[in-house]
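A short worksheet on the structure shown next.
The values are calculated or read from the model by the stated rules, or taken from the named source; none is laboratory data. Keep in mind that this is a model prediction, so the values were computed, not measured. FYI the Cβ positions are ideal-geometry reconstructions off the backbone, even for glycines, and counts take in every protein chain you see. Quick note on the areas: whole protein, heavy atoms, side chains included, nothing else; ligands and nucleic acids left out. Shrake-Rupley method; radii C 1.70, N 1.55, O 1.52, S 1.80 Å.
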Amino acid sequence: MNKLLPFLIILIACDQQTNSGKLPILGNTIYEENDTIYHTIVDFQLVDQDSSVVTNETFADQIYVADFFFTSCPTICPTMKAQMSRVYKKFEDNEQVAILSHTIDPTYDTVALLKDFAERLGVKSSKWKFVTGDQDYIYDLAEKSYMSIVDEDSNAPGGYIHSGAFLLVDKDRRIRGVYDGTVPEQVDVLMNDINRLLKEYE
């Protein structure tokens, strides 16, 4: 199966539904006789730039924006981080909103390096977490939970390929939107959708 397909399906769903009522719930949905089971982010355990353990419970009663990157990325990551910084600044004082950035190169991106990276961005770890862990574990989380493209590729700039997607996750671990983190207009939509999602919990 083409690895791009799940991501493209999500993008199409997001584009079709983002202007109607509540935000869509993306991913595979199972309809049972008396229940609807939505795709959710699995339980995870990673380590952030402060050497603190990060799990789903870290984001209890929060919505968060997730992405995948690597600090030595020579292509889209600097643009993604500049755009995510816009999200950070807009919601810096809102305790219900957080950001979760996963490195896809944990061998190079040590905890100390992620700490330095975050400090150079001037962000607080309580708001924006840069996490690392076992590479296979992160890749599995990316593809199966976040439905995001991540892979090693010696022919790609920097040695890795990954999507530039920003994923909006609600308080119930469900993906509610996918946005191109390299396009300012898409990030504008994301920030608007964060406000829409927050209203669902009022």
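Brief remarks follow.
- Karplus-derived HN-Hα couplings along region 169-177 (A = 6.51, B = -1.76, C = 1.60, θ = phi - 60°), whole Hz, x at Gly and Pro: 10, 8, 5, 9, 6, 9, 7, 10, x
- For region 114-202, the convex hull drawn through the C-alpha positions has a volume of 137 cubic angstrom per residue.
- An ellipsoid equivalent to the chain, defined through the eigenvalues of its Cα gyration tensor, has semi-axes of 25, 20, 17 Å when rounded to whole angstrom and sorted largest first.
- Here the Karplus curve 6.51 cos²θ - 1.76 cosθ + 1.60, taken at θ = phi - 60°, turns the phi angles of region 183-197 into couplings of 10, x, 5, 5, 6, 4, 4, 4, 5, 5, 5, 4, 5, 5, 5 Hz, with x standing for Gly and Pro.
- FRET efficiency, 1/(1 + (r/R0)^6) with R0 41 Å, evaluated for N155 and K90 via beta carbons: 0.65
- Sequence-distant residues sharing a close amide H with A165 (under 5 Å, placed H): G181
- Ordered from highest to lowest accessible area with the whole protein assembly present and a 1.4 Å probe, T132, T182 read as T182, T132.
- Under-5 Å amide H pairs with F68, H placed in peptide plane, nonlocal only: H102
- Accessible surface calculations at 1.4 Å, restricted to protein heavy atoms, place region 83-202 at 44 Å² per residue.
- Between helix 77-90 and the chain: long-axis angle, C-alpha atoms, 0 to 90°, nearest 10: 60 degrees
- Placing dummy labels 7 Å off each Cα toward the beta-carbon, the span from L121 to T79 is 1.7 nm.
- Against the chain, whose longest principal axis is taken from its Cα atoms, helix 4-17 shows a tilt of about 50°.
- Sequence-separation-based contact order of region 100-202, relative, with Cα cut under 8 Å and 6+ spacing, percent: 16 percent
- Calculated from backbone phi, Karplus (6.51, -1.76, 1.60) coupling profile of region 108-116 in Hz, x at Gly/Pro: 7, 7, 5, 4, 4, 5, 5, 4, 5
- Scaled to the globular estimate 2.2 N^0.38 Å, the Cα spread of region 74-160, given as radius of gyration, is 1.13.
- For A98, nonlocal amide neighbours, meaning residues 5 or more places apart or on other chains whose placed amide H falls under 5 Å from its own, are I63, Y64, V65.
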